[in-house]
Amino acid sequence: MNYLNDLLSSILPYTEWPMFILLIGGGLFLFFYSKFVPFRFFGHAIAITAGKYDDKNAKGDVSSFQALSAAVAATVGLGNISGVAIAIHDGGPGVVFWIWITALLGMGIKFYSCSLSIMFRGKDSDGKMQGGPMYYITEGLGKKAKPLAVFFAICGLFGFLGVFTANQFTETFMSVINPSETVYAMENESWKWAIGVFLAVITSFVIFGGLTKIAKVASAIVPFMVFVYLVAVIVVMVLNSSQIVPSLKLIFTEAWNFKTIVTGGFWGLVIIGVRRAMFSNEAGLGSAPMYHGQSKTDNPIKEGLVAMLGPFIDTILVCTFTAIVIILSGAYLEDMSGIVMTLEAFRRTLFGYGDDLLMIIVSAFALSTLFTYSYYGVKSLSFLTNARIGKLYNVYFVIMIIFAAVASLDLVKNLIDLSYALMVIPNMIAVLLLAPKVNKAAKAYFKKLKNDRA
């Protein structure tokens, strides 16, 4: 494991600039190129999600709300709760500002990429309709671009593993429950293996049931767990209201700290923010278009508008609240990282029981993320081989959950960071090249909307 971690660490720096240029540069371009569509039609996007504009005769497997819930289930989770803690541990409070900037640009990226997922749907070997980067690369850019799609799918075999979630759930359980003292006396390592096997078994029951079952489970769990988490955070903020403004001030002042001690200086700070934001909301990564490509809609722009709400929900809202709790509690000053830091922040601010409450919330987040992520991997392997072989990804996915439970945080973090950075490259190239087609469709859609309202 140490050898593998060293190898991943040595490759990671080479992916930083391509990822930064495509995500931030590409995001800025789309932000202006769309004439600020994500922000001008924010209210309309909420109305579509609520089902106001649903077409019962449209093709697809799930509703727009279910697609958003499933995509948010995969993104709102431990990336927001422990990912923010890792970011603050690695880069200090100022990193949160760069997470915000990436998320705002991410709304535009999601609008374009998820519109493309409906515009260029393909078919798998079983003849079933599919959406996602592999399909808008091959259908939109043509067969000559297939190597880009293949590269994306290969990286997806690693990037879509539930290793980070399984690892951080195990850390949460070990930290809060302390099972070797409270449940049964055996070594911590043995407990980690046991937790890994338990998670693998539970996940197996759901993921072998297919997409519709995943969408139903996710749309049932996600709104409730986000609500409970936000209530807990709001209680903390009300109890510590005098610390909110100083915490926000610290985020803004440290964001522009050119003398930061972060490895790589100021740019190192920005890169950490971009990485963790992408890990939080997955804008530019190409995962959400796989779910949104299955939506029951024939209008790509409607789906793009629904999808752009994702980064707002899981990064602007959930990540910000998490960051404020971590900063005002002072937990970020301790030598902790990941979920352990967030648990400590909640324990300090919620009468000593915050970590227990967070344990329950994390369990729901972890399971919903594991349920949804396997689906992305199945689609990647299906594209590379065929739909029958693609289902075998679930077996590999479940085995890797057990591995992740005993692996170090650094190892799983580096594996995911590298896979994500590599997936951004082919996806963002395709999104930028196909953006004019989305603009053309958007112009027609908003013209019709204006006429209908008149």
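For this structure, a couple of remarks:
- More than 18 Å apart - percent of Cα-Cα pairs taken over segment 218-363: 65 percent
- Cut-off 15 Å between beta-carbons: net charge of the residues surrounding ARG347, Lys and Arg +1, Asp and Glu -1: -4
- Relative contact order (%) - the chain, alpha-carbon pairs under 8 angstrom, separation at least six: 37 percent
- Members of LYS52/LYS110; LYS249/LYS413; LYS296/LYS443; LYS128/LYS192; LYS123/LYS302 lying beyond 32 Å, as alpha-carbon distances in this model show: LYS128/LYS192
- Hydrophobic, long helices, defined as DSSP H runs whose alpha-carbon span along the helix axis is 30 Å or greater and whose mean Kyte-Doolittle value is at least 1.0, occur in the chain at 95-119, 211-239, 354-384.
- From the C-alpha gyration tensor of the chain, square roots of 5λ in Å: 33, 25, 22
- For the chain, the dipole from Cβ point charges (+1 on Lys and Arg, -1 on Asp and Glu) about the Cα centre works out to 2340 debye, to the nearest 20.
- Segment 370-454 - percent relative contact order, Cα under 8 Å, separation 6 or more: 14 percent
- Dividing the summed helix terms, -39500 (n - 2.57) for each DSSP H run of n ≥ 4, by the number of residues in the chain produces a 222 nm estimate of -24000 deg cm²/dmol to the nearest 500.
- Segment 286-427 pair-distance distribution - Cα-Cα, 10 Å bins, rounded %: 9, 28, 35, 21, 7, 0
- Rg and Dmax over the alpha-carbon atoms of segment 384-454 stand at 20.8, 60 Å.
- Translational diffusion of segment 93-243, estimated by Stokes-Einstein from the Kirkwood radius over alpha carbon pairs at 25 °C in a medium of 0.890 mPa s, is 123 µm² per second.
- Portion, in percent, of the accessible area of the chain that falls on carbon or sulfur, probe 1.4 Å: 65 percent
- Ranked by how many other beta carbons lie within 10 Å on average, peptides 390-403, 433-446, 321-334, 416-429 from highest: 416-429, 321-334, 390-403, 433-446
- For the chain: accessible area per residue (Å², 1.4 Å): 40 Å²
The values are calculated or read from the model by the stated rules, or taken from the named source; none is laboratory data. These figures come from a predicted structure and were not determined experimentally. So basically every Cβ, Gly included, is an ideal-geometry build from the backbone, and we count neighbours across all protein chains shown. Remember, those area values only see protein heavy atoms, side chains included, never the ligands or the DNA or RNA. Shrake-Rupley method; radii C 1.70, N 1.55, O 1.52, S 1.80 Å.
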